Amino acid sequence: MTVRCARAALLLEVLVSLAILVTMSMAIGSVVRDASERLIRSGDRGEAADLARSALAQIEAGIATPEALNGPVPAWDSESAALETRDKTGPRASDEIGLSPGSGEASGWTLEIETQASPYEGLTLVSVRALRDDAPGVSATLHQLIRFGVERPEGVGDLDEITERVNRAAGRGGRP
């Protein structure tokens, strides 16, 4: 009888050990799965912030209007972007800059852009929300005050006499 009891006890120990192993494996798998999902969501939030930041930069630079960027974001086509910029070095004129080289397909992202008057004269509050179409919780919203359609006054940005003298002196390596 003692041999049977010893075998029964050994079997019970193996079953308990196996149950603990399975439980711990499931717990570790759950933690890894949650961490993976959080990492993906974090990357998506970063991409949303980048899209919103890019839209604000294009609006502020006068490259695009809020109305033109509002709506689905086209998918980026790196090959056409590379062909478009090949052999172009240095600064480019604003009419040479493409708004967003895309393949015409939707990227799965949408920009919601709102403008409203601000209490500061000449500035408009622009709010850009980038959201992922297939993941309702993934979005980023940025706000910025932007001055629209203001021509620079005559002479602003032109070199004055002192700056011209400094530039001439720097070119010769001497003092003014």
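The values are calculated or read from the model by the stated rules, or taken from the named source; none is laboratory data. Quick caveat: nothing in here was measured; it's all calculated off a predicted structure. Don't worry about glycine lacking a Cβ; one is built from the backbone with ideal geometry, like all the others, and counts go over all protein chains shown.
Observations on the structure shown:
- Filtering the stretch 6-49 to residues that are touching a residue at least 40 places away in the same chain (Cβ under 8 Å) and of a type outside the set (Gly, Ala, Ser) leaves ARG41, ASP44, ARG45, GLU47.
- Only listed residue being of a type in the set (A, V, I, L, M, F, W, C) and either at pLDDT 95 or above or within 30 Å of ALA140 (Cα to Cα) (or both), chosen from ALA9, ALA19: ALA19
- Criterion (polar (S, T, N, Q) and under 23 Å from ASP134 (Cα atoms)) met by exactly one of SER36, SER17: SER36
- Qualifying residue in the stretch 40-58 (condition: more than 17 Å from the chain's Cα centre (by Cα) and at pLDDT below 90): no
- Some residue of the stretch 70-80 being closer than 21 Å to ARG132 by Cα, in a helix (DSSP H, G or I) and among the small types (Gly, Ala, Ser): yes
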